[in-house]
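The values are calculated or read from the model by the stated rules, or taken from the named source; none is laboratory data. All values reported here derive from a predicted model rather than from experimental measurement. Glycine gets a Cβ as well: all are built from the backbone with ideal geometry, and neighbour counts include every protein chain shown.
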Amino acid sequence: MADKSLIRTRFAPSPTGFVHIGNFRTALFSHLWARHNGGTSILRIEDTDQNRKVEGAIEYLLRVMKQMGVEFDEGFYLKDDGTTGERGDFGPYLQSQRLALYQKFADQLISQKQAYYCFCSEERLNDLRKEQVALKKPPMYDRHCYNLSEEQKQKLMDEFKASGKNPVIRFFIPEGQTVVKDLIYGHITYENRVLDDQVIIKSDGFPTYHLAVVVDDHHMQITHVIRGEEWIPSTPKHILIYKALGWEPTLFAHLPLILNPDKSKLSKRQGDVATEDYLKKGYLPQVLVNFVAMLGWNPKTEQEIFSMDDLVKQFDLSKVNKSGAVFDLNKLDWISSQYIRLIPDKELADLLVPYWKQNGINTDKSKIEYLTSIAGLEKERLKKLSEIGERTGYFFAAPDYNPDLLVWKKSDKEKTRRALERLSELLKTEENFSQGNLEIVIKKFIAENNFDNGSVLWPLRVALTGQEKSPGPFEVCATLALGPGKEEILMRLNRAIQKLS
Ligand code: GLU
């Protein structure tokens, strides 16, 4: 393809009401490939299965996509008022509004004898299937209706019409072989005899996926169909429909499976599979985008952190692997921590507020400089935003803890109590609670009193945090001073002294 700006990709989800992480990858790769080439990415909604329709699913999908920073150039989009709209010259972009088009091509296939009506009852099809399974044959339609005489067909058609029913339409798979030329998986040859005569129009007048996808990809001038590898077995069927209609098939790029670390297929049973679940857990959208981009794509360099712009520049279908991509949560955490540490403290504090709330911590009364300071203390340690509540509860309420925790390993209860009493005296008269000053004053105090660092700093830190592990005592103390203040610090020291008495 010489003119890359002609590249048109589409993401074609069914409106199921959630965005599987694998579907998000499909959306991202389709979008990136279009953007990388200066082409057009399209969002089309495939709602041919009316039983699976979910109210509000399109808005929902668009909101998730927008949050993730993936906005398509054409097709469905989210308007400023939160409702959905369609844009582009190839609409409607909702399959249920394109029924006449599918019917037209189904009729054309019938007149070319490349499709036929099928009147078989559910019961007959079930029996046939059972028989074939018993004989260890692949279940396939036996062309019973294809082989009826013209008279028999007419009679059945009249009967169907009289009772207000419609026969389904099946595609007639011709003899021979079909080669799928996939940009990622290479050439895959199928013997046509293993392909079933697919239903292409159902009795409710709706097309099945197979017909609709071909008609739409052709009419929307899609150049690259990018989708999960589970659609590979459908592709020869699609290619045969393209050929029967005299159309040039699109290019195909199937994306590798996403696997759990134990190499099983990523499934709900082993963890979350919805993109939204990860957002709720406090992974930033750009972190998820970065992580998902690497599920199957490998830039073949050392780089692991990619902004959306980097991805647009570097994404290349020829660097997508065909082997399964492992969904490694440790990797996700690592990428996440890399992003979090780069966020300015104040901005991070704002991002953390909803997660504090999620943990029952009300930050409404806390000054932003206090929250900013806490964010700064934690940012090198956070793997995801939702961890903030459990890590920083002590900044919002005096902690409870076992008194034994106050005693440093080389000290004892009595020494600890004495150290804290003296320290408390010192801090009562101190006015400057900046971290730098605290460090000077307290270190001097330790030296003058011949204490070990540990026997003072450990209990000070525990008295303030109640935690075995936390940021250091000077930092915590200086931060607390910005929030609840010196009174609270002294109160916590007193509580610790009482616990030791
Ligand atoms: N509607 C299909 C899905 O839900 C789209 C498959 C395709 O991209 O062709 O995944």
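Figures for the structure shown
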quantity	calculated
So Lys243, is it of a type in the set (D, E, K, R), surrounded by fewer than 17 Cβ atoms within 10 Å (Cβ to Cβ), touching a residue at least 12 places away in the same chain (Cβ under 8 Å) and away from the ligand (no atom under 16 Å from the Cβ)	no
Residue check for Thr235: out of contact with any Phe, Trp or Tyr (no Cβ under 7 Å at 6 or more places or on another chain) and either within 11 Å of the ligand (Cβ to nearest atom) or more than 16 Å from Asp49 (Cβ to Cβ) (or both)	no
Strands (runs of 3 or more DSSP E) completely within segment 165-275 that count 3 or more residues being of a type outside the set (S, T, N, Q) and closer than 27 Å to Arg44 by Cα	168-171, 177-182, 199-201, 224-228, 251-255
Residue check, Gly69 surrounded by fewer than 23 Cβ atoms within 10 Å (Cβ to Cβ), at pLDDT 95 or above and more than 13 Å from the ligand (Cβ to nearest atom)	yes
Residue ID - farthest from the ligand (Cβ to nearest atom), chosen from residues in segment 1-28 that are assigned to a loop (DSSP other than H, G, I, E, B) and among the polar types (S, T, N, Q)	Thr16
Out of Lys444, Lys409, Lys428, sole residue that is at pLDDT below 95 and either loosely packed, with under 14 Cβ neighbours inside 10 Å or farther than 22 Å from Lys499 by Cβ (or both)	Lys409
Index of the failed condition, Ile42 passing every other in (1) buried (at least 21 other Cβ atoms within 10 Å of the Cβ); (2) assigned to a helix (DSSP H, G or I); (3) out of contact with any Leu (no Cβ under 7 Å at 6 or more places or on another chain)	(2)
Counted residues, segment 242-292 - those being touching a helix residue (DSSP H, G or I) at 6+ places or on another chain (Cβ under 8 Å), polar (S, T, N, Q) and over 20 Å from Ile340 (Cβ atoms)	3
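Conditions tested, residue by residue: (1) within 36 Å of the chain's Cα centre (by Cα); (2) polar (S, T, N, Q).
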| position | (1), (2) |
| --- | --- |
| Gly56 | yes, no |
| Asp73 | yes, no |
| Ser96 | yes, yes |
| Cys118 | no, no |
| Asn147 | no, yes |
| Lys153 | no, no |
| Asp158 | no, no |
